[in-house]
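To start, the structure under review is shown below, and the notes come after it.
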Amino acid sequence: MKKIIYIIISAVVAAATSCTDVLDQKAVDSFNEDIVFSDIKLVNAYLGSCYRRMGGAGDDGVLGMHRDMLGSQTEHTYAPFRPGSYVFVKGTLSPDNLGFFSAAIGGEWLYWDNLYANIQNLNTIIDKVDNTPVANVAEESLRTQIKGEAYFIRAFMYLHLLQLHGGVVLVDKPFSLNQDFSVFTRSSIADTKDFILSDISQAIALIPAEIEQGHGSRAAAAALKSRLLTFCSSELPNGGYESGNTLVSFPAGSRTALLEAARDAAKDLIDGKYGAFALVGNISEPVLPLTEAQILEYADVYFNIFNQHGAWNTETIWAIQYAQTDSKINNANRWNGPNGYHNSGNSQPSEQSVRTYEMADGTPFVWDAVNPGNDTLRRATAEQLAVNPTLNPYNGREPRFYGTLLFHGAPWQERPADAKHLDPYNKIQTGHFYNLDGTIRQFGVDTRNSEIEDWNGTYTGYYLKKFMDPDVEGQYYRNTNHWVELRYAEILLNYAEALIELGDANSITEGLKALNQVRNRAGLPGRITSSQAEARVFLRHERDIEFFGEGHHFWDVRRWKTASGLIEKTVVLPSKNDFYGIKIKEFVNGDMEWLLDYKNRVDDRSWGGDHFYWLPIPRAEINKAPQLQQNPGYK
């Protein structure tokens, strides 16, 4: 635990643009907590700093679009610039080495100290805001709203702590300067869940029905409740690891009630209790086969969920908003864009994930359909491709494939001036161009042999398109598209999962109806089954694809207890557990070759043991408060 964290004056001044006259009353060196809580406008600015602190305290500490994304803690993506810090997938996670989950390494928004620092700030607001003087009814309403939003953010902070560590230290009052930390102990996961639910209830009660876009709303709090109960009703916290340990497991027999609560929490949002939400796009069963134009229309609908500016669409429950002049930074194009555009090429999708996407008709993609038994090599002549374009593994795939990934031949932005001569067609080049005799004619401009920049090219053969804005030159400008943190598709799939896990035939049927809305919006045919096991496979696949890159997968594979299989031995490439790059040859006559190059190991992965399903309490916290019980499996 940290001692009391006072708000940084620069953050208050930046946020309190409407109260310059108040700030001018005293010199900044005397600006303190008493001053903040003497004026409701300053308290509101204080709250704004708590929103920003949701993303951590680093230079790019803002919830949403980080340089290092949570998907690289799974088989989804590879982050090339500091892979050694990804200790969760390296098998080296320990209380002394949390890597990504420590200060300023990448996942600072999930760092124990940062979470509790913000909880301290929020506790201060909740404890003191009622005594802040107000001059009129509008300020009185604002005071109530501030308190409700503080409860919402605190619930968000504690939800991260629960998802990472299980039961944690529950603190609802601000620390004093001389706080005795020896009295604090960890609460059970059940008590931690109830604490968060209480905060959510307070938020819903105090936040007004109409609130400015970007602030935590009643609907956002209700969606947070759905996310919490979906996690808590899963296998991991219900006996999945050390069933008798109340820090990481609910009492035996709790799961059915938790699943029912998760179902009902999602149903409240589906029924419109907190406002009208709906998936964007067409949710009718698609008429197959789709034309290429239709596939791209569906792909654009999906892509544009994450390329919103201005007013939110009907699917967005809560999003993070950015402005060029804001302290919140969104550099999605710069961080993840291809090196052929002078971008950094981070968060590179893996071959395992690329192969998981279905074909446009909803059938599984089969790499070795061309050459049965060969999971590495595909070849096709220009003549063969003209007759059957799907011999190219990137043709004929489902729409979300094209809304999420950049691959060799994918259209993207106009090239910068120094690259136009290498790519007049503005198509991604993650392969090389060859003469018929096998000699290289031109290196791909988006590879690690690029003539533009070679240090930041993709290792895997792919880039992440999702979250980028095609109208932003990442080399020069920041993004201003929103990060959609809570959206209606999550609620539908939370609802579907709870119903499928409850297991009776009617529940499975109802759950698949919700799941099929998400699939149909993606241009895919609905699923039909009466088997719980098969419905569970359908549900997990849908979450895997629908939420690719959004961070859900890290929480999902842990709560389902499937991370070990995905890291130790992938489901797509059963003989290999590491990351390998795809090597592409495009010949001058149009012939093509795609090779999963086992000589090009991108990243080695290892599962450290099932205790990894829960993260340890940092050693520094145990040293400060030795009475805190460590999570099982860690020394």
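The values are calculated or read from the model by the stated rules, or taken from the named source; none is laboratory data. Since the model is a prediction, treat every value here as computed from it, not as a measurement. Ideal geometry is used to build each Cβ from the backbone, glycine not excepted, and the neighbour counts take in all protein chains shown. For the accessible areas, the whole protein counts, side chains as well, though only heavy atoms, and no ligand, DNA or RNA atoms are used. Shrake-Rupley method; radii C 1.70, N 1.55, O 1.52, S 1.80 Å.
Can you tell me which residue within the stretch 329-355, out of those that are modelled with pLDDT under 95 and either assigned to a loop (DSSP other than H, G, I, E, B) or in contact with a helix residue (DSSP H, G or I) (Cβ under 6 Å, 6 or more places away or on another chain) (or both), is farthest from Q475 (Cα to Cα)?
I329
Of all residues in the stretch 598-619, which are modelled with pLDDT under 95, surrounded by fewer than 16 Cβ atoms within 10 Å (Cβ to Cβ) and either in a strand (DSSP E or B) or of a type outside the set (D, E) (or both)?
Of everything in the stretch 598-619, those that are modelled with pLDDT under 95, surrounded by fewer than 16 Cβ atoms within 10 Å (Cβ to Cβ) and either in a strand (DSSP E or B) or of a type outside the set (D, E) (or both) turn out to be Y598, K599, N600, R601, S606.
Is there a residue in the stretch 576-597 that is part of a helix (DSSP H, G or I) and open to solvent by 10 Å² or more (accessible area, probe 1.4 Å)?
No - not one qualifying residue is present in the stretch 576-597.
Which of the residues spanning the stretch 172-189 are more than 15 Å from N623 (Cα to Cα) and either touching a residue at least 12 places away in the same chain (Cβ under 8 Å) or charged (D, E, K, R) (or both)?
Of everything in the stretch 172-189, those that are more than 15 Å from N623 (Cα to Cα) and either touching a residue at least 12 places away in the same chain (Cβ under 8 Å) or charged (D, E, K, R) (or both) turn out to be D172, K173, P174, F175, S176, L177, Q179, S187, S188, I189.
Quick one: which helices (runs of 4 or more DSSP H) sit completely within the stretch 211-328 and have at least 1 residues that are open to solvent by 20 Å² or more (accessible area, probe 1.4 Å) and hydrophobic (A, V, I, L, M, F, W, C)?
Hits in the stretch 211-328: 255-270, 292-305.
For V89, state whether it is open to solvent by less than 20 Å² (accessible area, probe 1.4 Å), in contact with a Phe, Trp or Tyr (Cβ under 7 Å, 6 or more places away or on another chain) and assigned to a helix (DSSP H, G or I).
no
Taking only pairs six or more apart or across chains, which ones have beta-carbon atoms under 6 Å, a first residue in the stretch 96-114 that is charged (D, E, K, R), and a second residue that is open to solvent by less than 20 Å² (accessible area, probe 1.4 Å) and modelled with pLDDT of 85 or more?
Listed by first residue and then by second, the contacts come to E108/N114.
Kindly list the number of the only condition in (1) open to solvent by less than 30 Å² (accessible area, probe 1.4 Å); (2) among the hydroxyl-bearing types (S, T, Y); (3) over 28 Å from D604 (Cβ atoms) that fails for T363.
Condition (1) is where T363 drops out.
Just a yes or no: is a residue in the stretch 466-475 among the polar types (S, T, N, Q), at pLDDT 95 or above and either surrounded by 21 or more Cβ atoms within 10 Å (Cβ to Cβ) or in a helix (DSSP H, G or I) (or both)?
no
Restricting the first residue to the stretch 332-345 and requiring it to be more than 12 Å from K465 (Cβ to Cβ) and touching a residue at least 12 places away in the same chain (Cβ under 8 Å), which pairs with a second residue that is of a type in the set (V, I, T) and crowded, with 24+ Cβ neighbours inside 10 Å meet a Cβ separation below 6 Å and a spacing of at least six or different chains?
From residues that are more than 12 Å from K465 (Cβ to Cβ) and touching a residue at least 12 places away in the same chain (Cβ under 8 Å), the pairs are G340/V445; G345/T458.
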